[in-house]
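Below is one structure; the comments refer to it alone.
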Amino acid sequence: VTVYVHDERKAPLANATVVIARDAAFTDVIGTTVTASNGLAVFADVAPGTYYVRESVIPTNYTCEEHTFVLVIGEDGIMTVDGKVVANNGIYRFARRDLFITIDITNYLITAGAGAKVVDTNGDPIKNATIVITDPDGNVIGTYKTDDLGRIDIEDLPVGKYTITVTELPNGYSG
């Protein structure tokens, strides 16, 4: 059984913890694993039966809807996830390693908005000032120009710490 954890763009996410159990309360856990850089959590040699699968630890700066997937692996090789047939592999009875079923879990990047305003010594807004936003490692997140009110507004910025620097002022102003 393979679980693929990814973001809303289908890019794989590492460091998500996925659990598979025999009961919905997760008191009879048969496996716990952390996704690799390819977003995959693999559970080998899962015997026929009913299982419950969920993401128990979500990667940093992401969120997802809490959902427990119900996985049923039949003796006849028919497999369902949440009541939908996802595989019909009659070979399963003879060679369990031939079983490959993937459960998708989508995580969503947590974002926030940010804003800044550039004003002169009188408190009047400065239009067309250049502002650069960098992350703690010095990577440039974006370069922006202030509007008529001296502001920039940024949406969908990943949650974190940033440095906002005015790098250029229009003619007539000095920093």
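Here, each number is a calculation from the coordinates, and none is a lab measurement. Please read all numbers here as calculations on a predicted model, not as lab measurements.
So the values come out like this:
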| read-out | value |
| --- | --- |
| Candidates PRO48, PRO125, PRO158, ranked by Gaussian network fluctuation over the chain, Cα under 10 Å, top entry | PRO125 |
| Contour excess over end-to-end distance, with Cα ends at THR165 and THR33 and 0.36 nm allotted per residue | 43.3 nm |
| Convex hull of Cα atoms in the chain, direction-averaged projection (nm²) | 13.4 |
| Three principal axis lengths of segment 95-175 [C-alpha, angstrom, descending] | 77, 22, 17 |
| Subset of LYS10/LYS117; LYS10/LYS84; LYS10/LYS127 violating a 27 Å alpha-carbon distance limit | LYS10/LYS117; LYS10/LYS127 |
